[in-house]
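Below you'll find the structure, written out as structure tokens, and then a few comments.
The values are calculated or read from the model by the stated rules, or taken from the named source; none is laboratory data. Keep in mind that what you see is a predicted model, and the values were worked out from it rather than measured. Cβ sites come from the backbone with ideal geometry, for glycine too, and all protein chains shown count toward neighbours. Areas reflect the complete protein model, heavy atoms only, side chains present, ligands, DNA and RNA absent. Shrake-Rupley method; radii C 1.70, N 1.55, O 1.52, S 1.80 Å.
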Amino acid sequence: MATLETLVSLAKRRGFVYPSSEIYGGLANVYDYGPLGVELLRNIRDLWWKEYVTKRHNIVGLESAIFMHPNVWKASGHVAGFSDPMIDDAENHKRYRADHVIADWCKENNKEVPDTDNMILEMLDEFITSNHIISTDGNAFNHARNFNLMFKTKLGSVENDAEELYLRAETAQGMYVDFKNILDSTRLQVPFGVAQQGRVFRNEITKGKFIFRMLEFQQMEIQYFFNGKEWEKMFEQWRQEQENWYQNILKINKSKLKWKPHAKLIFYAKAAEDLTYQFPWGADEVTGLHYRTDYDLSTHAKHSAKKLEYRDPFTGEVYVPHVLETTWGLDRNFFMLLDNAYFEEEGRVVLKLPFNLAPYKVAVFPLVSNKEELVKKANGVYEQIGKNYMTYWDDRGNIGKRYRYQDEVGTPLCVTIDYQTLTDDTVTVRSRDTMAQERVAITNLTSYIMAHE
Ligand code: GAP
């Protein structure tokens, strides 16, 4: 199993993920996806879209704006309640999440972690002071406070008149506030889903854990609108969908996945569970599943004074649809895939990513770079494969080193053009997973690759 440090190092070394603005010292909890990373990220995103939008007749897509009317966030409850309990070091004012400080202290001291979700600020303070918990710099803490996670910005050029806006903290709200437009402009009937992928922003206090917790990240969410009847069945159906995504589509090791029901439900929700993955530090959330009743449409109807209802064309019943929400963290899916695919074996590091997700599917090598005939032939092969597959070209160094590089970035097949190719038009194809090599005719190469998809 890979450590966090190993994955962070591989990600940077091979161009998956870089610390943001590193030449200026970086910015905590902000990362950039490099040339390999964007391919993997895009492959996950495209696969998700294909699975949940392209293949489904009753799920449609949406791309709502990052900026929304500020009342959206008041109506949703984010302005009043989207916060984490924060404490700061009384000396140097470094910020910590009070619940995380308590959980870490309990783990270090082999104590049972209390249910911090159900502790008010005074109870968190009491736990910290009575157990003499101090900051990592050895100082006492100030009192716990609620810290809102929404990033604020201002609209307009004159500072004083400027209206305060928020960077969206989830993609979900766009799907609720556009509900009526979607209903009026399509021929959809309840039940139907709206899917959205996009960037969201949260002013997270906790630092570390690489791309697991960032200030800016991407969500892929589906809000499934239904009549609220038999919600348990609907919940179970989407539970299965999630399991299918991770186990059968992303091919994640089943033993590393575990459902975790929320310890405390928000007042309007009837059920909420997270699917966790065994990250290097322990099981942590990658996906959420929530049955939110009719709260979302009702609250926006109330605050906007617009009707957000549905009239059943068969029964004539008019009601506010309920929402079953499934929410995936794209970056956490990415991180999980890296971890799940990482192996050290037979003196090599290899990323056994599924073919359809691997950044490059094939690498093409001319055996040497100073033989014009070989390079020309290899170029022809590169162009042939490159029409259909993301293909890597490498003519530097010895073949062994080129294989090692491709193993580390997860390329399933390597094709070498050698002197024999010039006589019989065959190439050597080497498998990432088995390291076996086969001689394949150039004319059969595309079908050979297809058979490995
Ligand atoms: N609309 C529901 C919602 O936003 P959430 O559990 O707050 O639910 C959904 O977030 C998903 O977004 C999580 O399951 C997680 O994968 C991802 N996520 C949340 N906070 C994140 C962060 N700071 N960095 C990266 N991913 C995050």
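Meeting the requirement of 2 or more residues that are acidic (Asp, Glu) and open to solvent by 20 Å² or more (accessible area, probe 1.4 Å), the helices (runs of 4 or more DSSP H) wholly within the stretch 35-105 are 35-49. Residues of the stretch 14-27 that are of a type outside the set (Phe, Trp, Tyr) and surrounded by 12 or more Cβ atoms within 10 Å (Cβ to Cβ): ARG14, GLY15, VAL17, PRO19, SER20, GLU22, GLY26, LEU27. Kindly provide the set of residues from the stretch 397-445 that are surrounded by fewer than 16 Cβ atoms within 10 Å (Cβ to Cβ), in a helix (DSSP H, G or I) and aliphatic (A, V, I, L, M), ordered by number. Within the stretch 397-445, LEU422 is the sole residue that qualifies. The sole residue among ALA441, ALA436, ALA341 that is among the small types (Gly, Ala, Ser), within 21 Å of ILE44 (Cα to Cα) and at pLDDT 95 or above is ALA341.
When each of TYR291, TYR268, TYR319 is tested for being touching a Leu at 6+ places or on another chain (Cβ under 6 Å) and within 23 Å of MET175 (Cβ to Cβ), the lone residue that passes is TYR291.
Every residue, every condition in (1) within 30 Å of VAL101 (Cα to Cα); (2) surrounded by 18 or more Cβ atoms within 10 Å (Cβ to Cβ), yes or no:
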position	(1), (2)
ILE134	yes, no
GLY138	yes, no
LEU149	yes, no
LYS152	yes, no
ASP161	no, no
TYR166	yes, yes
ALA169	yes, yes
TYR176	no, yes
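Any residue in the stretch 418-431 that is under 30 Å from TYR33 (Cα atoms), touching a helix residue (DSSP H, G or I) at 6+ places or on another chain (Cβ under 9 Å) and touching a residue at least 40 places away in the same chain (Cβ under 8 Å)? Checking the stretch 418-431: not a single residue is under 30 Å from TYR33 (Cα atoms), touching a helix residue (DSSP H, G or I) at 6+ places or on another chain (Cβ under 9 Å) and touching a residue at least 40 places away in the same chain (Cβ under 8 Å). Taking the conditions (1) open to solvent by less than 70 Å² (accessible area, probe 1.4 Å); (2) modelled with pLDDT of 95 or more in turn, GLY282 satisfies each one other than (2).
Please indicate, with yes or no, whether at least one residue in the stretch 210-217 is part of a strand (DSSP E or B), under 26 Å from PRO280 (Cβ atoms) and of a type outside the set (Ser, Thr, Tyr). Yes. Considering the stretch 199-208, the residues that are surrounded by fewer than 19 Cβ atoms within 10 Å (Cβ to Cβ) and more than 9 Å from the ligand (Cβ to nearest atom) include one that is nearest to the chain's Cα centre (by Cα), namely ARG199. Could you tell me whether the stretch 241-250 includes any residue that is in a strand (DSSP E or B) and assigned by TED's automatic domain parsing to the domain that holds GLU63? No, every residue in the stretch 241-250 fails to be in a strand (DSSP E or B) and assigned by TED's automatic domain parsing to the domain that holds GLU63. If you go through the stretch 301-337 and keep only what is open to solvent by less than 10 Å² (accessible area, probe 1.4 Å), touching a Phe, Trp or Tyr at 6+ places or on another chain (Cβ under 9 Å) and assigned to a helix (DSSP H, G or I), you end up with LEU330, ASP331, ASN333, PHE334, PHE335, MET336.
In the stretch 226-255, the residues that are more than 14 Å from VAL286 (Cβ to Cβ) reach residues that are open to solvent by 90 Å² or more (accessible area, probe 1.4 Å) with C-beta atoms within less than 7 angstrom, at least six apart or across chains, in these pairs: TRP231/LYS270.
Yes/no matrix, rows are residues, columns are (1) among the basic types (Lys, Arg); (2) part of a helix (DSSP H, G or I); (3) under 29 Å from THR327 (Cα atoms):
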| residue | (1), (2), (3) |
| --- | --- |
| ASN110 | no, no, no |
| HIS132 | no, no, no |
| LEU165 | no, no, yes |
| ASN181 | no, yes, yes |
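Residue-level analysis places SER369 among those that are hydroxyl-bearing (Ser, Thr, Tyr) and at pLDDT below 95. For the stretch 338-384, name all the residues that are in a helix (DSSP H, G or I) and surrounded by fewer than 18 Cβ atoms within 10 Å (Cβ to Cβ). Scanning the stretch 338-384 gives GLU372, GLU373, VAL375, LYS376, ASN379, GLY380, GLU383, GLN384. Just wondering, is there one or more residues in the stretch 220-237 that are buried (at least 20 other Cβ atoms within 10 Å of the Cβ), at negative phi, outside any loop (DSSP other than H, G, I, E, B) and near the ligand (Cβ under 8 Å from one of its atoms)? Looking for residues that are buried (at least 20 other Cβ atoms within 10 Å of the Cβ), at negative phi, outside any loop (DSSP other than H, G, I, E, B) and near the ligand (Cβ under 8 Å from one of its atoms), one finds at least one in the stretch 220-237, hence yes.
Residue under question is ASP294, and the condition is that it be assigned by TED's automatic domain parsing to the domain that holds GLU230, open to solvent by 20 Å² or more (accessible area, probe 1.4 Å), away from the ligand (no atom under 12 Å from the Cβ) and in contact with a strand residue (DSSP E or B) (Cβ under 6 Å, 6 or more places away or on another chain); does it hold? It is true that ASP294 is assigned by TED's automatic domain parsing to the domain that holds GLU230, open to solvent by 20 Å² or more (accessible area, probe 1.4 Å), away from the ligand (no atom under 12 Å from the Cβ) and in contact with a strand residue (DSSP E or B) (Cβ under 6 Å, 6 or more places away or on another chain).
Among the residues of the stretch 209-219, not one is touching a Ser or Thr at 6+ places or on another chain (Cβ under 9 Å) and open to solvent by less than 10 Å² (accessible area, probe 1.4 Å).
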